[in-house]
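Heads up, the thing below is written out as structure tokens.
The values are calculated or read from the model by the stated rules, or taken from the named source; none is laboratory data. Small disclaimer: the values here were computed from a predicted structure and weren't measured. FYI the Cβ positions are ideal-geometry reconstructions off the backbone, even for glycines, and counts take in every protein chain you see.
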Amino acid sequence: MKKTLFYFRLAAQGLKKNYRLTLPWLLAASGMTLMFYLVAFLSDSDMLTVIRGGDTVRVLLALGRGVISVFSVIFLFYTHAFLIRRRMREFGLYNVLGMRKIGLARVLLWETLMLAGLSLLIGLGLGIAVSRAAELLMGHLLHAEEITAFSPIHLPAVTMTAILFLIIFALIYIRSLMTLGKSTAVDLLKTEAVGERPPKANWSLALIGSLLLIAAYAIALTITDPLQAVVYFFGDVILVVIATYILFVAGSVALCRGLMLNKRYYYQPRHFISVSSMAFRMKRNGAGLASICILCTMVLVMLSSTLCLNIGMRENQMVLYPRQEDVSLSWDIGHGWDEEAIASTRELIVEEAKKAGTGLKQVSGGRVAELYGTLARGVFTPSDLVFNAQSHQLSVVSLQEYNAITGKNERLNPDEALYMTRNTSWREKKLAVENVGEWTLRFVDDLLPLHSAAASLLPVITLVVPDANGLLATLKAAYPELSPWGYCSWFYVFDTELDEAGQIALRQAIRDRFVEEIRASAASDGSFSYSFTSAAANLSDFYSLYGGLLYLGVLLSVVFLAATVLIIYYKQLSEGFEDRERFSIMRKVGMTRDMIRQSVNAQVLTVFFAPLVMAGLHMCFAFPLIRRMLMAFGLANAGLLALVTGACFLLFGALYLFVYRATSHLYYQIVSDS
Amino acid sequence: MALLEAQNLKKVYTPRFGGQSVQALTDVSFTVEEGEYVAVMGESGSGKSPLLNILAALDRPTAGRVLLDGVDLNLIKDNVIADFRRDHLGFVFQDFNLLDTFSVRDNIFLPLVLAGRDSREMEKRLRPLARRLRIEELLDHYPYEVSGGQKQRAAIARALITEPRLVLADEPTGALDSRASDELLSVFSEINREGQTIMMVTHSARAASRAGRVLFIKDGKVFHQLFRGADDYDRMYERIHDTLILLPSGGDPA
């Protein structure tokens with residue numbers, strides 16, 4: 001009993017004395033616990049059962065839970081190695097003073113138990129304290145109608161968290177024991193003073209890293225098809241991660257070695273010390289720096305894309321579905337509009353609305369011909385639907401339809417046309433359609449309710465011509481093999497007096513009757529498609545998917561950020577301890593304090609900002625790929641993505657700078673101790 | 001004029017937060033002539049290290065002054081004292097103080113690089129020095145790859161490459177085995193014969209016996225000094241030994 005108390009007190013003292021090391025780690029471990037608990041709790045929240053699309057969010061959160069748990073294991077395991085390396089010296093001393101290894105193991109056990117207990121206590125405590133706020137925030141983001149009842153302690157989540165983190169701590173303890181077991185007292189005492197092998201440049205590895213990165217960048221730049229982008233994205237991410245690690249570990253040393261070979265450059269006071277010690281530092285910290293770089297990039301990609309989806313898609317929804325209900329019928333362009341089907345569909349809608357007890361308001365819509373093709377130098381060439389830099393959609397509307405929809409009274413000569421654009425800022429005086437004709441253009445800033453959801457994938461030019469049927473006839477003659485590269489669509493949009501549930505029910509009723517009565521006769525050859533959309537249903541689907549993504553993005557960003565900060569902190573701390581000795585030697589050999597400060601400042605700054613710069617570079621090359629991916633989600637606004645990404649990068653840079661300032665202060669404190 | 005002149009040096013350490021102040025040096029005066037080889041002996045706590053720190057301009061005396069070539073070290077401004085040290089003094093330390101991030105060559109170049117010398121000149125100065133110290137083959141190795149004696153010879157090369165007026169050595173044999181110590185002392189004797197002024201702090205009688213003159217320090221004062229005269233190393237060793245035996249009793253050794 002007395003003995004147990006002794007080991008306990010030794011462990012407690014050890015943790016307390018090394019607070020500079022243990023406290024940040026404890027905070028990080030608690031943070032991970034907190035985050036895991038929150039995500040586990042939220043993924044099981046009752047609120048998700050009352051939200052439309054709640055299941056999507058549940059899947060997303062479960063995914064996030066998996067990511068956090070894997071990340072926690074790797075991260076806590078990795079950083080604890082740093083902690084234990086510093087403690088081994090102390091254990092060596094105890095060993096020399098006569099404490100047996102079994103005793104040391106008991107001290108370690110108490111330490112690990114204390115760390116585990118504290119992290120679980122703090123993490124779960126805070127998690128339980130803020131879980132309601134997190135749930136309400138999620139409800140707000142997902143536009144939950146109903147605030148569900150709340151039970152403060154969610155037992156399954158608590159159990160899951162406790163089990164995961166106890167496993168992590170058990171792993172950590174086993175690893176510490178193994179380190180302890182295979183070393184003698186003298187080994188332990190000397191753990192830190194092991195002579196470091198000078199870094200040798202591994203040119204071939206550095207070359208491989210560069211080639212991998214170039215390949216990854218090339219893939220990112222050459223993929224233009226949004227669907228392909230989604231497929232290739234994850235492979236490309238893995239390629240970039242590998243390349244980053246190789247480059248930071250081998251490439252940076254090779255670079256320093258290369259600089260050393262240039263004697264005139266190297267033997268200058270400013271470069272001499274920084275280049276040689278950077279070669280050393282990079283070798284040891286390359287992996288850490290690469291991790292920081294990857295984490296930075298992940299945070300930036302997650303935040304900017306999810307944020308962009310949320311902002312951009314909201315806008316998109318308003319444009320795509322300006323009315324409560326949105327009906328569209330599309331025929332193959334060779335087939336043309338089936339006026340009979342259009343008339344009976346309209347009748348059907350009015351009947352069903354009457355049945356539901358509402359009239360139709362704000363009725364609008366019309367006919368539009370949607371053509372796919374490429375646009376280059378003011379000439380549109382019809383083609384199959386492909387995705388490249390020149391892919392465009394040309395929507396052709398007759399002047400009569402345009403005037404009817406907008407209530408205007410525009411007049412046009414046969415060679416004149418009005419035009420509008422979406423997803424592009426294309427502005428020209430003239431537009432030609434290959435083999436069909438050319439029009440003098442006038443820009444009008446109208447939004448016509450004539451967009452299918454697919455329209456958001458491509459830049460769209462809507463052309464209002466005096467004789468749309470004439471244009472189509474010429475087109476058919478010019479392209480006899482008319483195939484699915486274009487559609488003749490009819491849109492019908494309207495508001496009702498119903499509430500959201502009523503709107504969704506009305507859509508369902510219309511759709512059911514349409515399928516039953518009209519679908520079969522509309523077109524038998526399969527070149528017919530239809531869509532019945534209720535904005536209310538769409539919006540809640542949208543909120544649950546993109547709101548869920550954003551929420552998850554923010555949660556994961558917080559976790560990754562905390563990890564980044566801790567890695568940076570440990571780097572500064574360990575480098576401070578290492579440099580303390582070097583400082584005093586250099587001072588004795590005749591280096592002034594100012595010179596030392598300058599040189600160290602330059603090194604620390606370089607080492608510190610290399611990951612951020614690299615992350616920036618990754619972002620630049622990832623940008624086209626992310627853009628394509630977002631296009632697959634239906635978001636083609638590159639300007640918005642650029643803006644959001646830039647803003648995220650600046651915000652992140654500011655935060656990074658703050659962490660740098662705070663930790664370099666600690667660094668100077670350590671080195672000036674000597 | 002003497003190369004180095006210490007006049008009535010006194011050093012008192014006062015703890016920052018009150019407490020008992022410690023008098024490390026009471027009153028130390030001596031001179032070193034150009035080309036001399038002087039050893040300073042004394043027990044732990046006798047004030048050897050504070051004295052060396054003051055001579056090296058790493059620390060300032062509480063009272064008294066040090067003149068190097070007639071220049072008062074007290075009057076040199078803080079911001080140029082490192083330059084002064086680099087240009088006029090060479091250091092050899094007990095634990096070598098080589099930087100593990102540099103190759104042996106770059107460790108030796110360090111003071112010259114800091115002084116902003118041309119890399120060809122550095123190479124020119126290094127060649128004869130490396131030959132004399134027998135470290136030519138080690139130049140591209142890293143400190144952790146070479147033996148203690150080799151490290152210390154590299155450190156001597158670093159001290160000599162600036163062609164200093166005075167070499168200050170602090171227990172240079174302290175971390176070496178007896179063979180490496182003998183080798184090192186031969187190197188010192190050799191460079192002294194070529195005209196290099198050396199001042200060495202040591203508590204090894206064997207090391208001190210190589211010097212031309214031995215100063216004994218006790219309780220912060222120069223207690224006694226021995227001149228070699230015509231004696232050989234063994235005779236000198238005996239005389240130092242006899243003096244050391246008398247030292248603790250405080251008797252007059254003469």
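Would you call B:Y13 farther than 23 Å from B:E194 by Cβ and in contact with a strand residue (DSSP E or B) (Cβ under 8 Å, 6 or more places away or on another chain)? Judged against the criteria, B:Y13 is a match.
For the stretch A:242-272, taking the residues that are crowded, with 18+ Cβ neighbours inside 10 Å and among the aliphatic types (A, V, I, L, M), the one that is farthest from A:T222 (Cα to Cα) is identified as A:M260. For the condition in contact (Cβ under 8 Å) with a residue 12 or more places away in the chain, touching a Lys or Arg at 6+ places or on another chain (Cβ under 8 Å) and of a type in the set (A, V, I, L, M, F, W, C), A:A509 qualifies.
For B:V104, the conditions (1) touching a Phe, Trp or Tyr at 6+ places or on another chain (Cβ under 9 Å); (2) surrounded by fewer than 18 Cβ atoms within 10 Å (Cβ to Cβ); (3) closer than 21 Å to A:Q268 by Cα are fulfilled apart from (2). Inclusion of A:M282 among residues that are more than 10 Å from chain B (Cβ to nearest Cβ), at pLDDT below 85 and over 24 Å from A:L566 (Cβ atoms) is not warranted. Within the stretch A:252-276, residues that are within 12 Å of another protein chain (Cβ to nearest Cβ) and touching a residue at least 60 places away in the same chain (Cβ under 8 Å) have Cβ atoms under 9 Å from residues that are among the polar types (S, T, N, Q) and not in a helix (DSSP H, G or I) in these pairs: A:I273/B:T101, counting only partners at least 6 apart in sequence or on another chain.
Return yes or no: is B:S186 part of a helix (DSSP H, G or I) and surrounded by fewer than 16 Cβ atoms within 10 Å (Cβ to Cβ)? So B:S186 passes the test. Exactly one residue out of B:L139, B:L126 is among the aliphatic types (A, V, I, L, M) and within 13 Å of chain A (Cβ to nearest Cβ): that is B:L126.
Table: residues versus (1) aromatic (F, W, Y); (2) touching a helix residue (DSSP H, G or I) at 6+ places or on another chain (Cβ under 9 Å); (3) in a helix (DSSP H, G or I); (4) more than 18 Å from B:L58 (Cβ to Cβ).
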site: B:F96; (1), (2), (3), (4): yes, yes, no, no
site: B:I156; (1), (2), (3), (4): no, yes, yes, yes
site: B:V167; (1), (2), (3), (4): no, yes, no, no
site: B:L176; (1), (2), (3), (4): no, yes, no, yes
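Going by the conditions given, is A:S305 over 22 Å from A:R597 (Cβ atoms) and part of a helix (DSSP H, G or I)? Considered against the rule, which asks whether it is over 22 Å from A:R597 (Cβ atoms) and part of a helix (DSSP H, G or I), A:S305 comes out as yes. Please verify whether B:F102 is facing chain A (nearest Cβ under 9 Å), closer than 23 Å to A:S277 by Cα and touching a strand residue (DSSP E or B) at 6+ places or on another chain (Cβ under 7 Å), treating the condition exactly as stated. No; evaluated as a whole, the condition is false for this residue. Output yes when any residue across the stretch A:599-615 is under 30 Å from B:T162 (Cβ atoms), of a type in the set (V, I, T), surrounded by fewer than 16 Cβ atoms within 10 Å (Cβ to Cβ) and in contact (Cβ under 8 Å) with a residue 60 or more places away in the chain, and no when none is. Within the stretch A:599-615, one or more residues are under 30 Å from B:T162 (Cβ atoms), of a type in the set (V, I, T), surrounded by fewer than 16 Cβ atoms within 10 Å (Cβ to Cβ) and in contact (Cβ under 8 Å) with a residue 60 or more places away in the chain. Test B:T162 against the criterion of being outside any helix (DSSP H, G or I), closer than 20 Å to B:L52 by Cβ and over 14 Å from the mean Cα position of the chain (by Cα), and give yes or no. Spelling it out, B:T162 is indeed outside any helix (DSSP H, G or I), closer than 20 Å to B:L52 by Cβ and over 14 Å from the mean Cα position of the chain (by Cα). Does B:F91 satisfy the criteria of being within 11 Å of chain A (Cβ to nearest Cβ), in contact (Cβ under 8 Å) with a residue 24 or more places away in the chain, under 17 Å from the mean Cα position of the chain (by Cα) and not in a helix (DSSP H, G or I)? Spelling it out, B:F91 is indeed within 11 Å of chain A (Cβ to nearest Cβ), in contact (Cβ under 8 Å) with a residue 24 or more places away in the chain, under 17 Å from the mean Cα position of the chain (by Cα) and not in a helix (DSSP H, G or I). A:S395 satisfies every condition listed in (1) surrounded by fewer than 18 Cβ atoms within 10 Å (Cβ to Cβ); (2) modelled with pLDDT of 85 or more; (3) of a type outside the set (A, V, I, L, M) except (1). Residues in the stretch A:641-674 that are modelled with pLDDT under 85, surrounded by fewer than 17 Cβ atoms within 10 Å (Cβ to Cβ) and either more than 21 Å from A:L561 (Cα to Cα) or under 16 Å from the mean Cα position of the chain (by Cα) (or both): 5 in all.
If only residues of the stretch A:41-96 that are charged (D, E, K, R) and out of contact with any Leu (no Cβ under 7 Å at 6 or more places or on another chain) are counted, the one that is surrounded by the most Cβ atoms within 10 Å (Cβ to Cβ) is A:R65. Among the residues of the stretch A:310-367, those identified as assigned to a strand (DSSP E or B), among the small types (G, A, S) and surrounded by 20 or more Cβ atoms within 10 Å (Cβ to Cβ) are A:S328, A:S330, A:G365. Scanning the stretch B:142-163 for residues that are within 24 Å of B:G116 (Cα to Cα) and either surrounded by 19 or more Cβ atoms within 10 Å (Cβ to Cβ) or within 9 Å of chain A (Cβ to nearest Cβ) (or both) turns up B:Y142, B:P143, B:R153, B:A154, B:A155, B:I156, B:A157, B:R158, B:A159, B:L160, B:I161, B:T162.
Screening the stretch A:573-598 for residues that are within 17 Å of A:I84 (Cα to Cα) and in contact (Cβ under 8 Å) with a residue 24 or more places away in the chain and picking the one that is nearest to the other protein chains (Cβ to nearest Cβ) gives A:E575.
Residue-wise test of (1) within 12 Å of chain A (Cβ to nearest Cβ); (2) closer than 19 Å to B:G149 by Cα.
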{"site": "B:V71", "(1), (2)": "no, no"}
{"site": "B:N79", "(1), (2)": "yes, no"}
{"site": "B:R86", "(1), (2)": "yes, no"}
{"site": "B:N97", "(1), (2)": "yes, yes"}
{"site": "B:I108", "(1), (2)": "yes, yes"}
{"site": "B:P111", "(1), (2)": "yes, no"}
{"site": "B:A115", "(1), (2)": "yes, no"}
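When residues in the stretch B:46-69 are screened for being in contact with a Lys or Arg (Cβ under 8 Å, 6 or more places away or on another chain), more than 14 Å from chain A (Cβ to nearest Cβ) and not aliphatic (A, V, I, L, M), 7 of them pass. Looking only at the stretch B:98-112, filter to residues that are of a type in the set (S, T, N, Q) and in a loop (DSSP other than H, G, I, E, B); which one of those is nearest to A:M595 (Cα to Cα)? Going through the qualifying residues, I end up with B:T101. Taken together, A:L113, A:L97 contain a single residue that is at pLDDT below 85, in the same structural domain as A:T33 (by TED's automatic domain parsing) and not small (G, A, S), which is A:L97.
Taking the criterion of being surrounded by 14 or more Cβ atoms within 10 Å (Cβ to Cβ), assigned by TED's automatic domain parsing to the domain that holds A:A473 and among the small types (G, A, S), would at least one residue in the stretch A:422-429 satisfy it? There is no residue in the stretch A:422-429 that is surrounded by 14 or more Cβ atoms within 10 Å (Cβ to Cβ), assigned by TED's automatic domain parsing to the domain that holds A:A473 and among the small types (G, A, S).
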